[in-house]
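K.L.:
My structure is below; once you've seen it, I'll send some questions.
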C-alpha cells in the first residue's frame, strides 16, 4: 500500500506566512530600542536635525551694524568684505562676500554657537548677522571705545554676542616642525606652501601668562592700498567702505580671500588665509584688498 503524507507533515501547513524565521525577536527588540532612543533624544532636543535648526538660528541671527559714518570707530560692529572677487566664470557682483564664521560637521553635535572649533571663510552676505559681523576692539589693554581707528593702529576682531569671555580672531606662524599651529578642515596654498589659516580663541587664554597663544597673535592693523601713500597716511583716520590692506601684526602677512571654493553647512564658500599676494609692481592684488563696512555705502574703487 503506497505511503501518504499527512496534512501535519506537509510543507504548506508547516511554514505559513505568519511563521517567523530567523532572529525576529532580536530584530523586534532592536527596533523598539531605536524608537525609545529616538523619543528620548527628541524630548531632550539632541536630534541632529534639531541641533542644525538651532545652529542656523544662532548663526543667522540679524545684527545691527554701527551707525553709518565716514570713519571707523573702535567698538563699532562692522563687516570685513573683499572689494571684489576675481573668480573665473563666476559673477560675484551680487554675492556681497564677507569674512564669516563657519562650523564644521563634527563640532555641530557638541555646540551650536560660535566657539574655538569654528573656522573662518569668505561667505555671501545678504544681511549682517552673527556669523559675518565683528566688533573692533583696541589692540592694547586700554578701553578706546568711541575713538577713531587710524592707519597702523593695532586692533582686534571680536565675535559679536560673545559670552563673558569674548572670542577673538587670530592667526599664528608655523611651529618648529613647519606644521600649522591652527587645525582647519581645508587649507590653501601658494607655490606649494600652505598658507597661514585663521582661528578663534577666547580672550582669557591670550591673557594667561603661560598660555599657548600670545596676545600679539590677535592684533591686526590696516595699510593704505597704494604703497606710495602708506608713509604719509600713517596715523590718519581709517575711512569706511574704502579699499585697504589688513595685515596680521605678528606675521606681517595680509588677510587674503582665496579663489578656492569649499562646501560648508551654509553652502559653497571661499577660503581665507594670511598670505601676501603682490604683482610685479609690488602692489597688492585683489586677494589682499578689503574694506571695513559699517553700513555707510560709498563707491569703493580699486
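K.L.:
Just need the relative contact order of segment 60-293 here, percent rounded to a whole number, with Cα pairs under 8 Å and 6+ apart.
P.N.:
RCO, segment 60-293: 24 percent.
K.L.:
For the chain, set up a GNM with springs between Cα atoms under 10 Å and report which of 81, 223, 35 has the largest fluctuation.
P.N.:
35
K.L.:
Between segment 205-226 and segment 95-139, what is the C-alpha centre distance in whole Å?
P.N.:
19
K.L.:
For helix 24-44, what angle does its Cα long axis make with the longest principal axis of the chain, in degrees from 0 to 90 and rounded to 10?
P.N.:
Approximately 30 degrees, to the nearest 10.
K.L.:
A further question follows. Would you list 24, 290 from fewest to most Cβ contacts within 10 Å?
P.N.:
Numbers: 24 10, 290 27.
In increasing order of surrounding Cβ atoms, one gets 24, 290.
K.L.:
For segment 60-293, what size does the Cα cloud have along each of its three principal axes, sorted from largest down, in whole Å?
P.N.:
If we take the Cα atoms of segment 60-293, the spans are 49, 45, 41 Å.
K.L.:
How tilted is helix 48-59 with respect to the longest principal axis of the chain? Cα atoms for both, answer in degrees (0 to 90, nearest 10).
P.N.:
Once rounded, one gets 20 degrees.
K.L.:
In deg cm²/dmol and to the nearest 500, what is the mean residue ellipticity at 222 nm of the chain if only DSSP H runs of at least 4 residues count, each as -39500 (n - 2.57), divided by the residue total?
P.N.:
-4000 deg cm²/dmol, from helical runs alone.
K.L.:
Next question. From largest to smallest, what semi-axes in whole angstrom does segment 27-109 give when each is the square root of 5 times an eigenvalue of its alpha carbon gyration tensor? If you can, show how the numbers build up before the last one.
P.N.:
Values: eigenvalues 367, 72, 16 Å².
Result for segment 27-109: semi-axes of 43, 19, 9 Å.
K.L.:
Turning to a different aspect of this structure: Give me the one-decimal nm value for the distance between modelled label points at residue 94 and residue 57, 7 Å along each residue's Cα-to-Cβ direction.
P.N.:
Inter-label distance under the simple model: 3.1 nm.
K.L.:
Order by neighbour count: 136, 246, fewest other Cβ atoms within 10 Å first, most last.
P.N.:
Working: 136 25, 246 21.
Ascending number of Cβ neighbours within 10 Å: 246, 136.
K.L.:
Identify which of 79, 112, 263 has the largest mean-square fluctuation in a Gaussian network model of the chain, with springs joining Cα atoms closer than 10 Å.
P.N.:
Result for the chain, Cα springs under 10 Å: 263 fluctuates most.
K.L.:
Only Cα pairs within less than 10 Å get springs; with that Gaussian network setup on the chain, which residue of 67, 172, 256 has the largest fluctuation?
P.N.:
Among 67, 172, 256, the largest mean-square fluctuation in the Gaussian network model of the chain belongs to 67.
K.L.:
Per residue, how big is the convex hull around the C-alpha atoms of segment 144-245? Give it to me in cubic angstrom, could you?
P.N.:
171
K.L.:
Whole angstrom only: what separates the Cα centroid of segment 236-295 from the Cα centroid of segment 67-88?
P.N.:
Here the two parts' Cα centres lie 11 Å apart.
K.L.:
Compute the projected area of the convex hull of the Cα atoms of segment 51-197, averaged over all viewing directions, and report it in nm² to one decimal place.
P.N.:
11.6
K.L.:
Can you give the log10 of the normalised intensity I(q)/I(0) at q = 0.16, 0.19 Å⁻¹, computed with Debye over equal Cα scatterers of segment 102-162?
P.N.:
-0.68, -0.85
Since every read-out is calculated from the coordinates, none of them should be taken as a lab result. Values in this document were obtained by computation on a predicted structure and should not be read as measured data. Methodologically, a virtual Cβ is constructed for each residue, glycine included, from the backbone with ideal geometry; neighbour enumeration extends over all protein chains shown.
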